[in-house]
Amino acid sequence: MKKYRVFATCDIGAEALHRLVEQGYELELYDRVDPPPKDLILEKVKSGVDALITTLRDEIDEEIFQAGKNTLKVIAQDAVGFDNIDREAANRYQIPFTNTPEVLTEATAEFAFFILGCVSRKLYPSERLVREKKWKTWHPYLPLLGDEATGKTVAVIGTGRIGKAFILKCTGMDMDILCHDALAEDHEFIASLQELFDLKFKSRLSKRRSTIRYASFKEALQNGDYVSLHVPLAPETHHLIDDSALDLMKPTAYLINTSRGSIVDEQALYRALKENQIAGVALDVFEQEPLSEDSPLRDEQLEERVRLFHHFASAGRQTRLSPDPEVGMAGRCVQGVIDVLAGHYGGDPFRMPYVVNKEAFKSLVSDQ
Ligand code: GLV
């Protein structure tokens, strides 16, 4: 029997990868820290690998699909986002690709919430003060003050899985929540939370009656003390936060981005920060990753108001590494490979839970 070959462009976690070996597959692992050059991925695909494990650093385009058209059976992305994969090309060549939704929802949402607090309560400058031995005395407002989150208004742009999980984190802070989603509104979710807020207020667990509702993009930006982005990168969301969006925000507001860097026009953001159009920003993602050494966002004059992280939101130990597909990205990623190669779900990609481009396989279902 033919031994399936799997090429992983990255060590996504030894325990999870071992599950592939247990299946009898031959694992070829690119185990350096940096991603492999595109030519190597192409070479592997041309050599006939059956499955590719990819990360968001790998550009999986027409050329790769073309090279794998008779041999490549699945691409499993170790991330929920898949903007690095050309979905139309995948569909043209009828190659399923999978992602790792759900298992990283809570980790990403809590990280967004934590960096919201980090930038607004000035955690980094406070710690630096202590470490640099510049903390001279306690004083009511010098050398720094932060802005509270409790009782403020948070605008949540995108109410998919992660946006909703983020909203749930905010409910503990008695915040008012303005939701915006250009594609789908979940009014049941909103109604349940409003009921919860009402109950908390009525039973005196909260001093104020918080509110939650959907709003237009403009209204959300105009009224948010915090604006947190939870939309996937697509042509419609590229530079969603541009000059005009930043103009709408309050000068006291903070922007939080844990989705994809290109949702925000970084040049426009830099201008807005310089001109004090917004109070601050916490970014986990950038237009170019890693952030270039000469990025204006590194401007030292802005340091107190700008928090920068290394695309770290989902990087909880279990979330990243657990081999269990119900717990970890690594587990869910290898499960995507196994489902296809082992022919689970009757070998029908349309029925496989982690396949993203199900539309390419719809015909299999209607033929039954
Ligand atoms: C991380 O950014 C992911 O898409 O999983």
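Looking at the chain, the DSSP beta bridges with both ends there are about 5 percent antiparallel.
Sequence-distant contacts, meaning Cα pairs under 8 Å at least 6 residues apart, place the relative contact order of the stretch 105-308 at 21 percent. Annotation for the stretch 193-224 versus the stretch 74-117: alpha-carbon center distance of 30 Å. A helix-only calculation puts the chain at -10000 deg cm²/dmol for mean residue ellipticity at 222 nm, using -39500 (n - 2.57) for each DSSP H run of at least four residues, averaged over all residues.
Evaluated at q = 0.08, 0.13 Å⁻¹, the base-10 log of the normalised Debye intensity for the chain, with identical point scatterers placed on the Cα atoms, takes the values -0.47, -1.08. Which value, in Å² and to the nearest 10, is the accessible area of Glu127 when all protein chains are kept and the probe is 1.4 Å? Accessible area of Glu127: about 100 Å². Pairs with C-alpha atoms separated by more than 22 Å, drawn from the list Lys164/Lys200; Lys134/Lys250; Lys134/Lys274; Lys122/Lys274, are Lys134/Lys250; Lys134/Lys274. Spacing of the modelled spin labels on Tyr345 and Thr150, each 7 Å from Cα toward Cβ, amounts to 4.6 nm. About the centre of its Cα atoms, the stretch 216-303 shows a dipole size close to 300 debye [charges on the beta carbon of Lys, Arg (+1) and Asp, Glu (-1) only; nearest 20 debye]. Using C-alpha pairs below 8 Å separated by at least 6 residues, the relative contact order for the chain is 19 percent.
Report, to the nearest 10°, how far helix 187-202 tilts away from the longest principal axis of the Cα atoms in the chain, using its own Cα long axis and a range of 0 to 90°. The angle comes out near 40 degrees. For the chain, a Gaussian network of Cα nodes joined below 10 Å ranks Ala191, Ala90, Ala268 by mean-square fluctuation, and the top entry is Ala191.
Taking the 1.4 Å solvent-accessible surface of the chain as the whole, the part contributed by carbon and sulfur is 52%.
Once the chain from Asp39 to Arg57 is taken as fully extended at 0.36 nm per residue, the excess over their C-alpha distance is 5.1 nm. Summarising the label geometry, the points placed 7 Å from Cα in the beta-carbon direction at Val130 and Glu275 lie 3.8 nm from one another. Computed extension gain for Leu123 through Thr171, at 0.36 nm per residue and net of the alpha carbon distance, reaches 15.1 nm. Of the residues Ala90, Thr137, Phe113, the one whose Cα sits farthest towards the positive end of the charge dipole of the stretch 82-178 is Thr137 (charges of +1 on Lys and Arg Cβ, -1 on Asp and Glu Cβ, taken about the Cα centre).
For the stretch 105-308, the per residue solvent-accessible surface stands at 52 Å², with DNA, RNA and ligands left out and a 1.4 Å probe. Among Asp147, Asp39, Asp265, the largest mean-square fluctuation in a Gaussian network model of the chain (Cα springs under 10 Å) belongs to Asp39.
Listed by chain and number, the lysines placed with their C-alpha closer than 19 angstrom to that of Lys358 are Lys69, Lys73; residues fewer than eight positions away on the same chain are left out. Between helix 161-171 and the chain there is an angle of about 30 degrees, using the helix long axis and the longest principal axis of the Cα atoms. In the elastic network of the chain, a GNM with C-alpha springs shorter than 10 Å, the most mobile of Thr211, Thr137, Thr319 is Thr137.
For the stretch 105-308, the direction-averaged projected area of the alpha-carbon convex hull comes to 12.3 nm².
The values are calculated or read from the model by the stated rules, or taken from the named source; none is laboratory data. Keep in mind it's a predicted model, so treat the numbers as computed, not measured. As a convention, Cβ positions derive from the backbone with ideal geometry for all residues, glycine included, and neighbour counts pool all protein chains shown. Side chains included, ligands, DNA and RNA excluded: accessible areas come from the protein's heavy atoms. Shrake-Rupley method; radii C 1.70, N 1.55, O 1.52, S 1.80 Å.
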